[in-house]
Amino acid sequence: MNGAAAVVLAAGCSSRMGKFKPLLPLNGTTVIAGAVNIFFEAGIRQVLVVTGHRAIELQPVLEGPGLSVVYNPDYRQGMFSSVRAGIAGLSSCSEAFFLLPADNPLVRPQTVKLLLNAWRKNKAGIVYPCFAGQRGHPPLISSEYIGEILSCSADGNLREVLARHEADALDVEVADRGVLLDMDTPEDYHRLLRRAASIDIPDQMECEVIFRLAGTPSRVIAHGRAVASLASFLGACLNQCGYGLQLALIEAAGLLHDVRKGMPNHAAAGASLLASMGFPRVAGIVACHMGDGLKTGVGIGEKELVYLADKLLCGENLVALEHRFMKSMKRFAAEPEVQQTVRERWRRAESIKKNVERVLEKRLDIWLKGWERGVNKADVDLSGAAR
């Protein structure tokens, strides 16, 4: 990936924020460090930061291999002056460069990798990440345009330059709301803080993008909604009994567990897809929703609830475990090895079910009939429990 570099813009005055944005804390580090690390984690070896306002205060956090700093003395003239200062400092061997304002620090490194792969495959002059139909940051821009950008007058802007090359632009849909999230006000900053705490869990709109990119059939999505609703309902009930289960994680994993249904070893295929998009915890649950990696009798966690909910549902309808697994046993009557696998999955599901019943002091087969009547399975809130 040595042909691509990154320019991070951190020269502004942060006037609307009231505090210096690059040095605000975010997810255990600072905003500027988070923005820079996006590219290092994506494999970009040349990252250049443009400073201006309060540049001396930034210097201590901008040291390390592969990281360069360029001071823009004209930073008060606006962002375009920093763009020009940054690209002027790039190595001559850079074939293209990412451009990211420092106040867009929640782009996932996996999104940068996807943009790089698209650029290498299509040789587009500009590659834009798109989410919910909107272009976001960071665009990947060919170094062929550097001369044109530098020749513009100081009162020009980058958007005008790139618009002249729209025919060479490529939009890449990404399951990453972070490409649209910046922060100009204290309210924006607090919104990013909340987002950073669960950045590795896709929200509802991101899940919709994932389904679209994976080509998941509508009937499979409907089953996923039902699993997400049931698993999160059980999780919320267990939390009332003292558990600390992450409901957003349960919801997302339940919804996406069959995202690659129809492919060989669809659990592993789905986990691989989700990991490549930056959702490792969700991928870990999806990987074992067929039972691989689950241990019997070790407690109730997010993985166990998604596994149980999946086995309690046929499509969108509740079924008894005995009905579910006896059907499979008859189907594979001539294949004893497959039957053995079915028995193991059945035992695992029964064990989880008994553990849940013990904690909740309920017989699930009877109690969940009320859930089935009362839940609108098409209306799943990915941020909390089933409605």
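The values are calculated or read from the model by the stated rules, or taken from the named source; none is laboratory data. Computed from a prediction, not measured in an experiment: that's the story for all the values here. Here Cβ is always computed from backbone atoms with ideal geometry, including for glycine, and neighbour counts include all displayed protein chains. With ligands, DNA and RNA removed, areas are computed over all heavy atoms of the protein, side chains included. Shrake-Rupley method; radii C 1.70, N 1.55, O 1.52, S 1.80 Å.
Points worth noting:
- Evaluation of residue 146 against the conditions (1) open to solvent by less than 10 Å² (accessible area, probe 1.4 Å); (2) in a helix (DSSP H, G or I); (3) β-branched (Val, Ile, Thr) shows that the sole unmet condition is (1).
- When the criteria are applied in full, residue 218 fails the requirement of being over 18 Å from the mean Cα position of the chain (by Cα), at pLDDT 95 or above and within 20 Å of residue 284 (Cβ to Cβ).
- Any hit, the stretch 322-337, residues being open to solvent by 50 Å² or more (accessible area, probe 1.4 Å), more than 23 Å from residue 366 (Cα to Cα) and either under 34 Å from the mean Cα position of the chain (by Cα) or of a type in the set (Gly, Ala, Ser) (or both): yes
- Filter pass, residue 257 being touching an Asp or Glu at 6+ places or on another chain (Cβ under 8 Å) and not β-branched (Val, Ile, Thr): yes
- Hey, residue 244 surrounded by fewer than 22 Cβ atoms within 10 Å (Cβ to Cβ), part of a loop (DSSP other than H, G, I, E, B) and at pLDDT 95 or above or not: yes
- Long-range neighbours under 6 Å by Cβ, at least six apart or interchain, first residue farther than 21 Å from residue 133 by Cβ within the stretch 181-210, second among the polar types (S, T, N, Q) and surrounded by 15 or more Cβ atoms within 10 Å (Cβ to Cβ): 196/27
- One residue from 220, 259 being more than 15 Å from residue 302 (Cβ to Cβ), assigned to a helix (DSSP H, G or I) and among the aliphatic types (A, V, I, L, M): 220
- The lone exception for residue 182 - which of (1) of a type outside the set (A, V, I, L, M, F, W, C); (2) modelled with pLDDT of 95 or more; (3) under 27 Å from residue 21 (Cα atoms); (4) not in a helix (DSSP H, G or I) it fails: (2)
- Count of the stretch 74-90 residues, restricted to those that are of a type outside the set (A, V, I, L, M, F, W, C) and open to solvent by 90 Å² or more (accessible area, probe 1.4 Å), is 2.
- Selection count where residues are over 18 Å from residue 185 (Cβ atoms) and crowded, with 24+ Cβ neighbours inside 10 Å, scope the stretch 11-30: 1
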